[in-house]
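The structure under discussion appears below in the form of structure tokens.
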């Protein structure tokens, strides 16, 4: 196993440490990616999520056993596997034991007494301790080591190679060819699961190439270096594929383990999100890309927050020293060019650019228990043109604007405006109202960049009763104003605390909305949105939402409710289509969308039906049903003398469905088959179709009839024939290629 070269030969000085978080591209050990002497299942997506098969608390006994492992086990693979795996019955227990043991071995601090530089790779690789030395000096990898241990324990394990967004990656980078890494897939609970052992063992603190970014700050720039800490990062243990694809892209697309595979271009464009984003349940609602371009000198990033936990969020805006112009003499801090607001369900970050150029925008978010708010995501922001006379907001409150965690239990409730940004016209009035839930004292502040406090005092007034608090605002000139509300309990001598803030602006919103009077057509449109939201017509709802947005009407809750309703209907329709068409790929995608969208409870019965249909397809070898309805059948039977394409597609279809050649030579006979009702109708025949029951000769006949056609050619002749063609291609590819994903004339 490996070469005869000594471990000490030609070792670069910079590899004398183990802090590089990328696996070596070339290894001296010979651990095959897939064993040649074993039969491994092909990679395929799984509907079952990590949380459905693994909860860490169930394996505490495994962890307790592992941490008692004596150091002598590092000297023998057989003794190590006997200790880690043999006490446990289930594969998941064995895998967890191996994984935890690997992650708790502090390789960088190990003593390799007895292993000299003159010893060959083969000499080192016969023991775990020797293998660790190879890993430390970049002659072997965590991925091959985990594969070796799993295989010795009887667990199928693959080594996967590809590119990654890891240490050294800067958000927006397009060339990732040098960011190579390796990880594993283990076959557990009847499906392939992903593990990145190196990242699970170690974590990076800091950011790549920090010195190329900075903020408009009067303070000295801080130099931040990345360093590595040893701990177990469970996120990279059995990671769900749709989460994992945001980090690593395999050379073999099959090991994405996704029903809808990503291209390398799409992977590079994916948002640069971190583990906390997935672990806590945040969701990006705006453009799903790591590179965002400004519109009218602004960019908005909107993130839906988890429902189960109160969260705090923050941000960091930095500019590229190389790619931002006209910064001489500008001493503004960039945090005052970002408006962070919350309406209780989502955080909006509206970036107004002071100068053209390229910026890096980082978002942080986590529970209130976090003393350091976890890093969620980075975006590269491109501004090619700023707004006229772009100015910072008067103040950037730490808690942001709108209904944040600071508003909870402050003594005020039920605000008339939950969003933190109010768009107004000069000299127009606005009223903010709150319920008062207990005796409190209130302080108000109105701040502007230029106008002094005494000039603003009479522009904001308020009225308070034991149960209600009203704020009246009239702005004297164009610009931005910040309303800050501070409270403390009545009779308290403690400090007032900031509980809620509003930014009042005369600026146009990034998506133009309007305040004030609406004409009859606009009122009708608002009412239409309310009406269609209660219905099930997806197309009408979608069209109405588009009209509402184009009209620039203010969202008083109708737009949000309609958008949520549309998402629910689309997810539900996807499940129904997958069930009715018995389409494996569509079922996998729809079930995944339903669970990722948070509809597991609301659509529980439908999800269960979809999962049962998928299980039936996989167990019984059922096959997809063509996209055929009464309208399509009517089109096909309407032909007195069919086009040759229509005839050939119909003939090939009925051959596979079991009709005799001599019968279906006559077009009228095939029309009669299409017209049949009851148990013998054509849709029932598709539902009961079994590819394994079709003789090889008939499959060959069907293949010859479709091989010379392509979909675009058939679509010009007949929609019905196109549906039959697509079904035929999918069935034939299942027979010959084992996969329905590729579309080719050469079946």
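Of the residues making up the range 445-472, those that are surrounded by 15 or more Cβ atoms within 10 Å (Cβ to Cβ) and within 20 Å of residue 396 (Cα to Cα) number 7. Against the criterion of being at pLDDT 70 or above and touching a strand residue (DSSP E or B) at 6+ places or on another chain (Cβ under 7 Å), residue 510 does not qualify.
For (1) out of contact with any strand residue (DSSP E or B) (no Cβ under 6 Å at 6 or more places or on another chain); (2) more than 18 Å from residue 504 (Cβ to Cβ); (3) at pLDDT below 85, each residue gets a yes or a no:
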position	(1), (2), (3)
406	no, yes, no
410	no, yes, no
428	yes, no, yes
431	no, no, no
449	yes, no, no
456	no, no, yes
476	yes, no, yes
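Taken as a whole, the condition of being under 17 Å from residue 500 (Cα atoms) and in contact with a helix residue (DSSP H, G or I) (Cβ under 8 Å, 6 or more places away or on another chain) does not apply to residue 432.
State yes or no: is residue 439 modelled with pLDDT of 90 or more and farther than 30 Å from residue 356 by Cβ? Walk me through it before giving the result.
Numbers: modelled with pLDDT of 90 or more: yes; farther than 30 Å from residue 356 by Cβ: yes.
Yes, satisfied.
Could you list, in sequence order, all residues of the range 630-679 that are assigned to a loop (DSSP other than H, G, I, E, B) and exposed (fewer than 12 other Cβ atoms within 10 Å of the Cβ)? Walk me through it before giving the result.
Filtering the range 630-679 down to residues assigned to a loop (DSSP other than H, G, I, E, B) leaves 638-643, 657-660, 665-666, 676-677.
Across the range 630-679, the qualifying residues are 638, 640, 641, 660, 665, 666, 677.
Does the range 138-145 include one or more residues that are in the same structural domain as residue 67 (by TED's automatic domain parsing), surrounded by 18 or more Cβ atoms within 10 Å (Cβ to Cβ) and at positive phi?
If we filter the range 138-145 for residues that are in the same structural domain as residue 67 (by TED's automatic domain parsing), which is where we start, we get 138-145.
The next check asks that each one be surrounded by 18 or more Cβ atoms within 10 Å (Cβ to Cβ); those that pass are 138-145.
Filter again for at positive phi, leaving 138.
There is at least one residue in the range 138-145 that is in the same structural domain as residue 67 (by TED's automatic domain parsing), surrounded by 18 or more Cβ atoms within 10 Å (Cβ to Cβ) and at positive phi.
In the range 49-66, the condition of being in a helix (DSSP H, G or I), touching a residue at least 40 places away in the same chain (Cβ under 8 Å), surrounded by fewer than 16 Cβ atoms within 10 Å (Cβ to Cβ) and within 34 Å of the chain's Cα centre (by Cα) is met by at least one residue. The set of residues in the range 211-257 being in a loop (DSSP other than H, G, I, E, B) and modelled with pLDDT of 90 or more consists of 240, 245, 246, 247, 251, 252, 257. Considering the range 680-701, and only residues there that are assigned to a loop (DSSP other than H, G, I, E, B) and touching a residue at least 12 places away in the same chain (Cβ under 8 Å), the residue that is surrounded by the fewest Cβ atoms within 10 Å (Cβ to Cβ) turns out to be 694. Taken over the range 518-539, the residue count meeting the criterion of being within 18 Å of residue 574 (Cβ to Cβ) and surrounded by 13 or more Cβ atoms within 10 Å (Cβ to Cβ) is 1. Selection over the range 83-127 of residues that are in a helix (DSSP H, G or I) and at pLDDT 85 or above gives a count of 15. For residue 84, indicate whether it is in contact (Cβ under 8 Å) with a residue 24 or more places away in the chain, surrounded by 18 or more Cβ atoms within 10 Å (Cβ to Cβ) and over 34 Å from the mean Cα position of the chain (by Cα). Judged against the criteria, residue 84 is a match. Evaluate the range 160-174: report whether one residue or more is modelled with pLDDT under 95, outside any loop (DSSP other than H, G, I, E, B), surrounded by fewer than 19 Cβ atoms within 10 Å (Cβ to Cβ) and in the same structural domain as residue 39 (by TED's automatic domain parsing). No, the range 160-174 contains no residue that is modelled with pLDDT under 95, outside any loop (DSSP other than H, G, I, E, B), surrounded by fewer than 19 Cβ atoms within 10 Å (Cβ to Cβ) and in the same structural domain as residue 39 (by TED's automatic domain parsing). In the range 540-560 there is at least one residue that is within 30 Å of residue 614 (Cβ to Cβ), modelled with pLDDT of 75 or more and touching a helix residue (DSSP H, G or I) at 6+ places or on another chain (Cβ under 7 Å). Out of (1) crowded, with 21+ Cβ neighbours inside 10 Å; (2) more than 21 Å from residue 79 (Cα to Cα), what's the single condition that is false for residue 108? Failed condition: (1). Evaluate the range 319-326: report whether one residue or more is over 27 Å from residue 196 (Cβ atoms), in contact (Cβ under 8 Å) with a residue 24 or more places away in the chain, surrounded by 19 or more Cβ atoms within 10 Å (Cβ to Cβ) and in contact with a helix residue (DSSP H, G or I) (Cβ under 9 Å, 6 or more places away or on another chain). For the range 319-326, residues over 27 Å from residue 196 (Cβ atoms), in contact (Cβ under 8 Å) with a residue 24 or more places away in the chain, surrounded by 19 or more Cβ atoms within 10 Å (Cβ to Cβ) and in contact with a helix residue (DSSP H, G or I) (Cβ under 9 Å, 6 or more places away or on another chain): present.
The values are calculated or read from the model by the stated rules, or taken from the named source; none is laboratory data. This is a predicted model, so every value here is computed, not measured. Because the Cβ atoms are built from the backbone with ideal geometry, glycine has one as well, and the counts that use them run over all protein chains shown.
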